[in-house]
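Every number here is computed from the coordinates shown, using simple stated rules; none is lab data. What you are looking at is a predicted structure, and each value in this text was computed from that prediction instead of being measured. Every residue, glycine among them, receives a Cβ derived from its backbone with ideal geometry; neighbour counts consider all protein chains shown.
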Amino acid sequence: MDIKEPFMIFSVDFASNPEECNAERRVTVERQLYVRDLAFKRVEGFYQGSREVAYVVLTPADGGAQRAVLELARRYGQESVLQVDANRFATLLFLNPPGAVPDIKRYASIGFFRQISAVEAANAGNYTKDGETYYGTVLHP
């Protein structure tokens, strides 16, 4: 994931859903990402003890892509989205439910998003995996 611009990572999976249900949700959200002309990539995520399919979506500084990702994540009932800026600083955005104002309930700065080893990923408990490469957040770049 050699990305040089800001991006967001989110999922539409729920660990409590049957796989068929999560698969249907992924098909639908991918169509919605295409319709919105958002550049995205499907990756593997591991969050709060559950493996999930996640999406890395490029979010240039204009804000339109960021708003679209927040809208989709909220529509699919997600509690958070990972936002990574051009300097690779990562912020976890905790979302309000759909229809609530504002979109973001609170946020937490969680360090710098960078490549990590499989051992670091296992120890961290939360990571993103693109192919065979793991990514996570660390306090220093």
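With only Cα atoms counted, the range 31-112 has Rg and Dmax values of 12.5, 34 Å.
For ILE104, the amide hydrogen comes within under 5 Å of the amide hydrogens of ASN96, counting only partners 5 or more places away or on other chains and with H modelled in the peptide plane. Spatially, the range 71-137 and the range 27-57 are offset by 12 Å when compared through their Cα centroids.
Here's the picture: charge each Lys and Arg Cβ at +1 and each Asp and Glu Cβ at -1 in the chain, and of VAL101, VAL119, ALA73 the one pushed furthest to the positive end of that dipole is VAL101.
Peptide packing for 99-110, 20-31 was compared via the average number of neighbouring C-beta atoms within 10 Å per residue; ordered from the highest value, the list is 20-31, 99-110. Rounded to the nearest 20 debye, the dipole size of the chain about its Cα centre is 280 debye, using +1 on the Cβ of Lys and Arg and -1 on the Cβ of Asp and Glu. Using the Cα coordinates of the chain, the gyration tensor eigenvalues translate into equivalent-ellipsoid semi-axes of 21, 18, 15 Å, sorted from longest to shortest.
Our coupling estimate for the range 46-60, obtained by passing each phi through the Karplus curve with A = 6.51, B = -1.76, C = 1.60 and θ = phi - 60°, is 9, 9, 6, x, 10, 7, 8, 7, 10, 10, 9, 10, 5, 10, x Hz, Gly and Pro reported as x.
Backbone amide hydrogens, once placed in the peptide plane, bring THR59 within less than 5 Å of PHE7, MET8, excluding anything fewer than 5 places away on its chain.
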